[in-house]
1. Checking the condition assigned to a helix (DSSP H, G or I), at pLDDT 90 or above and under 18 Å from residue 27 (Cα atoms), which residue from 110, 106, 121 passes?
2. Would you pick out the residues in the range 128-146 that are surrounded by 15 or more Cβ atoms within 10 Å (Cβ to Cβ) and either over 21 Å from residue 20 (Cα atoms) or touching a residue at least 60 places away in the same chain (Cβ under 8 Å) (or both)?
3. Looking at residue 157, is it in contact with a helix residue (DSSP H, G or I) (Cβ under 8 Å, 6 or more places away or on another chain) and in a helix (DSSP H, G or I)?
4. What is the residue count in the range 41-64 for residues that are free of Cβ contacts under 8 Å to residues at least 60 places away in the same chain and under 16 Å from residue 138 (Cβ atoms)?
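The values are calculated or read from the model by the stated rules, or taken from the named source; none is laboratory data. From a predicted model like this one, the values you see are computed outputs, not experimental measurements. Here the Cβ positions follow ideal geometry from the backbone for every residue, glycine too, while neighbour counts run over all protein chains shown.
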C-alpha cells in the first residue's frame with residue numbers, strides 16, 4: 001500500500017506533461033517553459049503541506065504555474081532583452097515543412113488574442129481542462145471563462161480562415177479547437 005506522500009508525488013508527476021504544455025503556451029519558449037515547470041514543482045513540493053487533500057490538485061498546480069509566470073513577467077519588465085528581436089532573428093530558421101508554417105500561423109493568431117482569451121482557450125481547448133477548473137485557475141466565474149473561450153475561438157477561426165492547412169500528403173486538415181463534449 002502506498003503512503004499519502006507517495007500518492008501525492010505520483011499525482012504531481014502525472015501532471016507534468018500538461019504543465020509543460022501550459023507553460024509553453026504562456027512563454028513560447030521551450031527552455032523558459034521547462035524552467036517555469038521546474039519552479040512550479042519546487043514551489044509545490046516546498047509548500048505541499050498547504051495543499052488540502054480532497055481538493056483539486058491539478059487546479060492548485062496550474063494556479064502555482066500561472067502565478068509564477070505572471071510574477072516573472074512583472075520582474076522581466078524591468079529588464080532590457082533584445083527589444084528589436086535582431087538577435088532572436090539570427091537564431092531562428094525558416095520552416096521547411098508546411099506544418100511549421102501552420103504552427104507559426106496558429107501562434108501568430110493566438111498572439112493577436114487578448115491575454116485573457118488566449119489563456120482561457122489554451123486551458124480549455126489545448127490542456128483539456130473543464131470550464132470549472134479553468135475558472136478556478138483564472139480566478140473568475142465559469143460564465144466568464146465560457147465567454148472568453150467562445151470569443152477566442154471565434155476570433156482565432158476568423159484570423160486563420162484565410163489560410164489553408166494541409167497534411168504531409170497535401171490533404172486539407174480541419175483544426176477543431178472545440179473541446180469534446
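1. Details: 110 fails: at pLDDT 90 or above; 106 fails: at pLDDT 90 or above.
Sole residue among the options that is assigned to a helix (DSSP H, G or I), at pLDDT 90 or above and under 18 Å from residue 27 (Cα atoms): 121.
2. Let us first name the residues in the range 128-146 that are surrounded by 15 or more Cβ atoms within 10 Å (Cβ to Cβ), namely 129-131, 133-138, 140, 144-146.
129, 133, 136, 137, 138, 140, 144, 145, 146, listed by residue number.
3. Numbers: in contact with a helix residue (DSSP H, G or I) (Cβ under 8 Å, 6 or more places away or on another chain): no; in a helix (DSSP H, G or I): yes.
Spelling it out, it is not the case that residue 157 is in contact with a helix residue (DSSP H, G or I) (Cβ under 8 Å, 6 or more places away or on another chain) and in a helix (DSSP H, G or I).
4. Residues of the range 41-64 that are free of Cβ contacts under 8 Å to residues at least 60 places away in the same chain, as a first pass: 41-55, 57, 60-61, 64.
Next cut, under 16 Å from residue 138 (Cβ atoms) only: 60-61, 64.
Residues flagged as free of Cβ contacts under 8 Å to residues at least 60 places away in the same chain and under 16 Å from residue 138 (Cβ atoms) within the range 41-64 amount to 3.
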